[in-house]
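Below: one structure, written as structure tokens.
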Amino acid sequence: MNKKNDILEAATRSFSMFGYKATTIEQVAKLAKVGKGTVYNFYDNKEQLLKEAVLLMIDDMKKETENNFDPSISFMENVHQSIVRLLNYREQHLLFAKLLEEERQLQTPEVIEMISSINREIVMYISEKLGLAVERGEIRPCNVEVVAFVFLKSYLALVVDWQTTYSEPLTQQEIAEVIQQTIISGLSK
């Protein structure tokens, strides 16, 4: 077993359950089944753990999208399939959801900074993909950064806010259909 990975996984679980502010190094150590000193051997503080957990989540989502991109099908079909695959990452999205909740309720400065950084990274990635689709003539010309922002916020609203408001999560199919019928169809040529 890799202790650093065990610690990072434990931190991700703790942040997802309790949020950044309520997570302690002691909790992380207990979940990872290591001593508190072992956590500090790998990470200087809780903020460094959060940054690494979030970067890992973003990197995994990017890899999932890149590894399954099929150049033989349209951009729109690839987007649809990517949405379905990303919905399988809901458990990891719980970390993001918890951070968003903490940002709204507690206004923790470290979390506000992290959310802003996450959003910029994701919007930049989606913008790049949209830009390529515009260049290839697969979608209408648009302000790719604004569309990427709307795409991200819509996706998060359907995955996170819907469940918070209505107590029941939408199914993968329901979310994919809403994104397809609204944003994607609006970009189609």
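Legend: ranking of residues Ile184, Ile7, Ile175 from fewest to most surrounding C-beta atoms inside 10 Å; resulting order Ile184, Ile175, Ile7. Restricting attention to the chain, the count of lysine pairs at 8 or more positions apart or across chains with alpha carbons under 14 Å apart stands at 13. Each residue, Arg120 and Asp70, gets one label point 7 Å from its Cα in the Cβ direction; the gap between the two is 3.6 nm. The calculated Kirkwood hydrodynamic radius for the chain is 17.8 Å, given to one decimal from all distinct C-alpha pairs. The trypsin sites (Lys or Arg not before Pro) of region 1-70 meeting both criteria, a DSSP state outside H, G, I, E and B (loop) and at most 15 other C-beta atoms within 10 angstrom of the site's C-beta, are Lys33. Were the residues from Val150 through Leu106 laid out at 0.36 nm apart, the gain over their Cα-Cα distance would be 13.4 nm.
What FRET efficiency would be calculated for the residue pair Gln163, Asn45, taking the C-beta separation as r and a Förster radius of 35 Å, to the nearest 0.05? Efficiency, rounded to the nearest 0.05: 0.65. Based on DSSP H segments of at least four residues, each scored -39500 (n - 2.57), the chain has a per-residue ellipticity at 222 nm of -24000 deg cm²/dmol.
Each value in this text was obtained by applying a stated rule to the coordinates, not by laboratory testing. Not measured: the values here are computed from a predicted model. Don't worry about glycine lacking a Cβ; one is built from the backbone with ideal geometry, like all the others, and counts go over all protein chains shown.
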